[in-house]
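Contents: one structure, followed by commentary.
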Amino acid sequence: MDVTPNIPEVVAEIGDLFERYEQALIDKNVEVLDATFWKSPHTIRLANNEHGYGFDRIHAHRVARVPGPGTKEKRLRLDIVTVGRDVATVTLVYKVRGKDMTGRQMQTWVRFPDVGWKVIAAHVSMIAETPVV
């Protein structure tokens with residue numbers, strides 16, 4: 001099993017997919033948002049106002065979400081860590097739009113042989129403190 005960290009082409013691949021997802025959030029492109037996540041009852045997305053256990057609940061939240069720039073005003077730090085060619089995490093720390101808060105976003109990505117890269121778990125939260133990044 002190859003567990004080589006941060007193979008450049010794998011990091012680039014995940015980076016492109018993450019940016020596609022971020023743009024889809026702004027555009028409220030539910031098709032792209034849904035395509036990013038694993039269509040499974042085992043997929044989890046926890047956020048400030050959502051406990052999305054399973055793809056169907058995550059999809060329902062996406063459909064109800066208001067389009068727009070969302071909560072991200074400015075990126076403070078983005079980290080992509082890959083392990084081998086089939087597992088990755090993305091961690092984003094950002095300034096929350098219009099608030100004295102810091103947002104944190106994490107995603108776990110897995111490359112499936114039949115459907116490609118999918119997020120299997122994600123978490124979004126906000127804190128009042130400004131962390132050292």
Quiz prompt | Phi-based couplings in Hz for the range 39-52 (Karplus 6.51, -1.76, 1.60; Gly and Pro marked x) | solution = 7, 8, x, 8, 6, 10, 9, 9, 9, 4, 10, 8, 10, x
Self-check item: Two-site FRET efficiency, Ala60 against Met1, from Cβ-Cβ distance with R₀ of 41 Å, rounded to 0.05
Solution: 0.70
Exercise. Report the full-extension gain for the segment Val133 to Arg85: residue separation times 0.36 nm, less the Cα-Cα distance, to one decimal in nm.
Key: 14.6 nm
Quiz item: Setting aside same-chain residues fewer than 8 positions from Lys95, which aspartates and glutamates have a Cα under 12 Å from its Cα?
Solution: Glu73, Glu129
Quiz item: Gain in length, Asp27 to Val11, computed as 0.36 nm per residue apart minus the alpha-carbon separation, to one decimal in nm?
Solution: 3.3 nm
Quiz item: ³J(HN,Hα) across the range 70-79 via Karplus (A = 6.51, B = -1.76, C = 1.60, θ = phi - 60°), whole Hz, x for Gly/Pro?
Solution: x, 8, 8, 8, 7, 6, 9, 6, 10, 10
Quiz item: Which value, in debye to the nearest 20, describes the size of the charge dipole of the range 1-49 about its Cα centre when Lys and Arg Cβ atoms bear +1, Asp and Glu Cβ atoms bear -1, and nothing else is charged?
Solution: 300 debye
Quiz item: Kirkwood Rh, the range 51-123, all Cα pairs: how many Å?
Solution: 14.0 Å
Self-check item: Set of lysines near Lys39 by C-alpha distance (under 29 Å), chain-local residues within fewer than 8 positions excluded
Solution: Lys28, Lys72, Lys118
Quiz item: Taking amide hydrogens as modeled 1.01 Å from N in the peptide plane, which residues meet the under 5 Å criterion relative to Ala47, leaving out close sequence neighbours?
Solution: Gly52, Val124
Self-check item: Amide H within-cut-off set for Ala121, under 5 Å, with H built and near neighbours excluded
Solution: Ile44, Thr108
Quiz item: What nm value, rounded to one decimal, do you get for the distance between Ala35 and Asn48 when each label is placed 7 Å out toward the C-beta?
Solution: 2.8 nm
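FYI, it's all coordinate maths here, none of it is from the lab. For clarity, every value in this text was computed on a predicted model and none was experimentally measured. Note that each Cβ is placed from the backbone with ideal geometry, even for glycine, and that neighbours are counted across all protein chains shown.
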